[in-house]
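To keep things clear, I will list the structure first and then write my remarks on it.
Any read-out appearing in this document is the output of simple, stated calculations on the displayed coordinates, not a laboratory observation. All figures in this text were calculated on a predicted structure; none of them were measured in a lab. Cβ placement follows ideal geometry from the backbone for every residue including glycine, while neighbour counts extend to all protein chains displayed.
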Amino acid sequence: MPWDRNQMAARAAQELQDGWYVNLGIGIPTLVSNYIPEGVNVTLQSENGMLGMGPFPFEGEEDADLINAGKQTITELPQTAYFDSAQSFAMIRGGKIAMAILGAMEVSEAGDLANWMIPGKLVKGMGGAMDLVAGVGRVVVVMDHTNKAGESKVLKACTLPLTGKAVVNRIISNLGVLDVVPGGLKIVELADGVTEAELRAATEATLVN
Amino acid sequence: MSKTYPDARAALEGVLFDGMTIAAGGFGLCGIPELLINAIRDAGTKDITIASNNCGVDDFGLGILLKTRQIRKMISSYVGENAEFMRQYLSGELELEFNPQGTLAERMRAGGAGIPGFYTATGVGTVIAEGKDHKDFNGRTYILETGIVADLSIVKAWKADPSGNLVFRKTARNFNAPAATCGKICVAEVEEIVPLGSLDPDHIHLPGIYVHRLIQGPHEKRIEQRTVRKKESV
């Protein structure tokens, strides 16, 4: 059985190291905060201007002035700090954030990432993703390995407009974990019950040993 | 000279003109200058270029000025929550310049700080870099981005004193601080103007030198995505 959304998020949470400042993207990456291992202290950055992002508020305690980058109501923690958007991206661009976990539409074997638009169809915008992939220490992508038609999203070369070139370090998909290495992608781990043959069949990118 | 004006209409008197550029604070619907946006709608100013991270939603925030077709061009990083925005853009009625979010914030900061351009690695190898000057520093490639100087800044803060010193609240600070600095004129709207001397000078987020006009008023402060958790029963 391939991993579901929560299992992918739980696997991605294993990437976190004690003391790190981390930025989690919108979607499955947001779920990662539910699976932070015990004893691992990470500070979550929200690029709209906050370090130390807390959980969703209790019903009735929502505050319109306190949202995350996905515009969801959240809460603060004892160590929380607020700042403006220029300061927020200064710490991102300046390499102070250890890791970003982001979603993807396509990833290439060279670590290129596409996740912000489909020409003529879907125009969302890159938000802070281009700044994050260019600035943080490590980029981990969480994504489904294939699209609804069963076609690989792990490609030799991206077909969609890029968010960043050669920026992805690790891919966590519903089928397993792959690292971007010289010459292509290397299988690090298979999802429970997924065979290497299944992962290879779902991958268009070059796989190296 | 007092910076305090009776309302948004009065505070915008003489600063609006067709074809102008406006820098607006806010992230999504959080910390947006909702009173000033409504007054710009009422003034009917046309062909506006707006630099703002988002463009509100269909019926609130900057989305209101899209509906009235007062905006000619947006400079934004994200338009995902606004159907009318996408419709006008895809049909070619609205010009859109996508800026990465951090690049947009820094363009405003730089413009306000007298810095005409800066190099950043953000966007290198993407469509954002096309046509821009590339330069290598210490073996890494960067692109040249320019500072934004707007004809007008419209921002929202929590509190102000009559000298224009501003205090923001939680994540509603966002683009308001950099946007405030990059306007030739900055009009700020706040929930409360407090007496001089009642703000701790060590706790001012934006010094009043950046703020030229000031209004206070009630804010709707709409929530875009209301997410909650249940209280666990004891």
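Ranking B:Cys30, A:Gly19, B:Gly131 by how far each Cα lies toward the positive end of the dipole of the protein assembly as shown (charges on Cβ) leaves B:Gly131 at the top. Shape analysis of the range A:136-192 places it in the oblate category; the axes a ≥ b ≥ c from the Cα gyration tensor give an a/c of at least 1.5, with a/b not above b/c. Over chain A, DSSP H runs of length four or greater, each weighted -39,500 (n - 2.57), average out per residue to a 222 nm ellipticity of -4000 deg cm²/dmol. If you take all other residues with their beta carbon under 15 Å from the beta carbon of A:Ala12, and give Lys and Arg +1 and Asp and Glu -1, the sum is -1. In this Cβ point-charge picture (+1 for Lys and Arg, -1 for Asp and Glu), the range A:52-135 has a dipole of about 360 debye about its Cα centre. Of the DSSP beta bridges with both residues in the range B:1-155, give the percent that are antiparallel, rounding to the nearest 5. Of those bridges, close to 40 percent are antiparallel.
Net charge in the neighbourhood of A:Arg138 (other residues with Cβ under 10 Å of its Cβ; Lys, Arg +1, Asp, Glu -1) is 0.
The residues packed around A:Pro37, meaning those with a beta-carbon under 14 Å from its beta-carbon, carry a net charge of -2 if Lys and Arg are +1 and Asp and Glu are -1.
Using only side-chain charges placed at the Cβ, +1 for Lys and Arg and -1 for Asp and Glu, the dipole size of the protein assembly as shown relative to its Cα centre rounds to 540 debye. Amide H contacts of A:Arg138 (H built 1.01 Å from N, in plane; Pro and chain starts excluded): A:Met99, A:Ala100 sit under 5 Å, all sequence-distant by 5 or more or on other chains.
With θ taken as phi - 60° and the Karplus curve 6.51 cos²θ - 1.76 cosθ + 1.60 applied, the whole-hertz 3J(HN,Hα) list for the range A:55-61 is x, 4, x, 5, 3, x, 10 Hz, x standing for glycine and proline. Using θ = phi - 60° in the Karplus curve 6.51 cos²θ - 1.76 cosθ + 1.60, the 3J(HN,Hα) couplings for the range A:196-204 round to 4, 5, 5, 5, 4, 5, 8, 10, 7 Hz; x is entered for Gly and Pro.
Computed from Cα positions, the angle between helix B:34-43 and the longest principal axis of chain B comes to roughly 80 degrees. Which of B:Val194, B:Asn165, B:Leu12 sits closest to the plus end of the dipole of the protein assembly as shown, meaning its Cα is farthest towards the positive end, when Lys and Arg get +1 and Asp and Glu get -1 on the C-beta? Result: B:Leu12.
Amide H contacts under 5 Å for B:Ile75: B:Ile50, B:Ala51, B:Ser52, B:Glu97, restricted to partners 5 or more places along the chain or on a different chain, H placed in the peptide plane at 1.01 Å from N. Bridges between two residues of the protein assembly as shown, per DSSP, are antiparallel at a rate of about 40%. With contacts taken as Cα pairs under 8 Å and at least 6 residues apart, chain A reaches a relative contact order of 20 percent. The overall shape of the range B:113-223 is prolate: from the C-alpha gyration tensor, with semi-axes ordered a ≥ b ≥ c, the ratio a/c is 1.5 or greater and a/b exceeds b/c.
Computed from the alpha carbon atoms alone, the convex hull of chain B holds 182 Å³ per residue.
Taking one quarter of the surface of the convex hull spanned by the alpha-carbon atoms of the range A:1-122 gives a direction-averaged projected area of 10.3 nm². Backbone amide hydrogens, once placed in the peptide plane, bring A:Glu204 within less than 5 Å of A:Val154, excluding anything fewer than 5 places away on its chain.
For the residue pairs B:Lys184/B:Lys221; A:Lys71/A:Lys165; A:Lys153/B:Lys132; A:Lys71/B:Lys170; B:Lys3/B:Lys156; A:Lys71/A:Lys124, alpha carbon separations beyond 18 Å are given by B:Lys184/B:Lys221; A:Lys71/A:Lys165; A:Lys153/B:Lys132. Using the Karplus relation 6.51 cos²θ - 1.76 cosθ + 1.60 with θ = phi - 60°, the per-residue 3J(HN,Hα) values for the range B:182-195 come to 9, x, 5, 10, 10, 10, 10, 10, 9, 6, 8, 9, 9, x Hz, with x marking Gly and Pro.
Positive end of the dipole of the range B:68-178 (Cβ unit charges, origin at the Cα centre): among B:Asn99, B:Asn174, B:Ala110, the Cα lying farthest that way belongs to B:Asn174.
For the pair the range A:140-209 and the range B:184-234, the centres of their Cα atoms are 45 angstrom apart.
Each Lys and Arg contributes +1 and each Asp and Glu -1, all at the Cβ; summed about the Cα centre of the range B:129-234, the dipole is approximately 500 debye.
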